[in-house]
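Asker: Got a structure here, written out as structure tokens. Questions coming.
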Amino acid sequence: MPEHRSRTTSIPIITTSESDTSSQIHLSQDTPHTQYSTNNEYTRSKSTTPGSMTNSFEMPSSSEDDNFPLITGTDIIVNQAITDAKKESLSSKTQSPSHKRISLLPPFPQSASINTLLTSILPGESKEEMKKNLIKEKLRRNEDLTPSEEELLFSGATGADNVRKRAVKKTFQLESLKHAIHSIKALRGTRTNDGYDYHRVDSIWDELDGDVLIMGGYRGSILRDKATGRRVWMPLKAGLNLKKIDLRIGPKDEDELNELNHIYPDRILSHVGPVDICKRLLKKLRSNPNLRVTDFGYDWRISLDLSAEQLCKKLQKLYDTQKIKKGTIIVAHSMGGLVAHKALQECTHLIRGIIYVGSPSQCPNILGPLRYGDEVLMNKTILSKEANFLMRSSFVFLPLDGNCFVEKGTCKKFNLDYFDPQIWIKLGLSPLVDQNRLLNHEAHINSSISDNTENEKKMARTETKPSLPGPGISTEGRDFLGILNPIPMIKSLSGSSDNSRESSSDFKETLNHLNPLSLMTKMSSSATDSAGLTEHSTLQEEQKEMLFKFSYDDCVDYLQRTLKRTKEFLISLEFNPTKNYPPLVIVYGNQVPTVKGAHVDGLKDVKLGNYEDFCYGPGDGVVYHKWLLPEHRGFPVAARVVSDCGHVSLMSDLQAMAKAFISLVDNDKSNVHKK
């Protein structure tokens, strides 16, 4: 793994003296940033004993110095986990996976609610609350926490933070009231708590000039069908199950390239209904006549090296039209930061600076959608486990250091080599390549051969007899069966789309991967159930879980190629001391409990999918604050600007964005003077 460098910021940290009743501001010059370790200690969400932490706030954990080697698919511990998981699955029912999803989606409202952990300061607070408030003050001052402090701050946490709900809540806050409070604070002092001039925060928007390009993150660009011009992502009708959309890309390399001929990115997804993602930011920037603002959309499903190549071409076009060759300032949210960072490595001279907004260097949350799929509003198929698996970009969030799972009680880390295909096959990180899928398929074939032989014998004995309905199906049920159209049913079971891009060859390919006898048996059972003869909801769920469009061998071959390509991409993001990089700024959140891993009872829990006992740390609800790009790749940054917003709403925090532009512009001017 690359060695991480310590770094400092050019913006001083400002603290408030507790002994001074006038809240005198003290500048702390040359405040260093903590050198991040790849072996971060995990904190438990349960069984926390705050009393035991009274004198441990500043004591580093000894486990941080331990080195846990990467676990590959050939290790004995993996094979043992498979055996243990098989025994447990036979002895007891495994938990439903629906609650284990960790979403990376933009804020489509959901009914589920998650308890908010960070409470406001109340009169008569307990000793534990006082400690938590002191820890929160450290976060506001942009200081790192010790593992023990993180454990205390997020004690009692359950589930993953609902970033969508948080974004909706922020949308309906009174922005005018917040602005009034900001103005009152500005009258009391000349600087913000983190060292920025209040008046400059308001005026920076008029100082900017040249080119600014804004790009969204994972699932953050509008996609359209080239043939019809209609939205593929994200139409409301699809979310309400009134329209079928197929976002799957075929497993072959040529399938990905062909997708570029069928789907095109329109622009950034600036808002979802009333929920602001970057709409106000775009409006603010476009109000400056000296700025040329580019709204850059990209197909967030494809390999990021392809997206970075497209971005470089766009930056070159902007550069060629500039009278004064300054390059372009990029504002990149979430995964957009990875794309922008790759462009930085490939065409450094075209970039004037980058503002990384909640951009992760890694984000193991992606393991949830890859294994269990995700949902949009009422639609559970558009982002199915197969669709997520076939999105090349999904794998870019995997941690190179394997940091995610830790054993309950011992804090022993299971650093899995996520770029070893055998880990995916043996531990079943995706059902498409789970070795159990192959075993089940072989069992179905053997069962089918046996069933066909028996059926042939029965047909020979009864060929002169009149045909009768299948077992358990009445005459009324037989008539009902004749009304059903099997084609849509098969397409629905397979998850196929009915849009214009679905071809008959795809449909035939789907049939080839199914057992016709088994399929017809299940179809008859479904028809029988629809007639009110038996319960069928469980059967329908089993059918949907059983069927995939692409074969096991194709999926394994795709996985091998994609993991190799993704690893090469991630390694290419490391700091290169021979390059002359422009100023880089980070905007991030550290006020929201963020999942950074999970406690498991051995690797058998990973095999069974039992990893809902989450580990928490400060972040924005999606990205843990110690896994930020570009710092985690060894890059020095001009400033780190903290926001109290959740992941989706970070770009809507105009004050934080203003501070980021101030740091970038000032450092850019400094670099020009040096030249």
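The values are calculated or read from the model by the stated rules, or taken from the named source; none is laboratory data. Model, not experiment: these values are computed from the prediction. Heads up, the Cβs are rebuilt from the backbone with ideal geometry, glycines too, and the neighbour counts pull from every protein chain shown. When the accessible area is computed, the model is the full protein with side chains, heavy atoms only, and any ligands, DNA or RNA have been set aside. Shrake-Rupley method; radii C 1.70, N 1.55, O 1.52, S 1.80 Å.
Asker: Return the long-range amide H neighbours of C615 (sequence gap of 5 or more, or a different chain), with a cut-off of under 5 Å between placed amide H atoms.
Answerer: Correct list: K596, G597, A598, H599.
Asker: Go through 285-296, 191-202, 602-613 and give me the packing order, highest mean Cβ count within 10 Å leading.
Answerer: Details: 285-296: 15.7, 191-202: 17.6, 602-613: 21.0.
Taking the mean over residues of other Cβ atoms within 10 Å, the ranking is 602-613, 191-202, 285-296.
Asker: Which entries in the list K408/K626; K325/K564; K408/K567; K243/K342 go over 27 Å, if you measure between the two C-alpha atoms of each?
Answerer: K325/K564; K408/K567; K243/K342
Asker: For a quick check of understanding: with a 1.4 angstrom probe and all protein chains in place, what accessible area in square angstrom does E568 have, to the nearest ten?
Answerer: Per-residue accessible area (E568): approximately 110 Å².
Asker: Per residue of segment 76-85, in order, report the coupling 6.51 cos²θ - 1.76 cosθ + 1.60 (Karplus, θ = phi - 60°) as ³J(HN,Hα) in whole Hz, putting x for Gly and Pro.
Answerer: 4, 4, 6, 5, 5, 5, 5, 5, 5, 5
Asker: Could you order peptides 221-231, 617-627 by the average number of other Cβ atoms within 10 Å of their residues, highest first?
Answerer: Per-residue Cβ counts within 10 Å, averaged per peptide and sorted highest first, yield 617-627, 221-231.
Asker: Based on the Cα coordinates of segment 211-276, what is the per residue volume of their convex hull in Å³?
Answerer: So the per-residue hull volume is 127 Å³.
Asker: How much net charge surrounds I76 when only the other residues with a Cβ under 14 Å from the Cβ of I76 are counted, with Lys and Arg +1 and Asp and Glu -1?
Answerer: Within the 14 Å Cβ shell, the charges total 0.
Asker: Any chance you could look up the accessible area of H647 with a 1.4 Å probe, heavy atoms only, rounded to 10 Å²?
Answerer: Using a 1.4 Å probe on the heavy atoms, I get roughly 10 Å².
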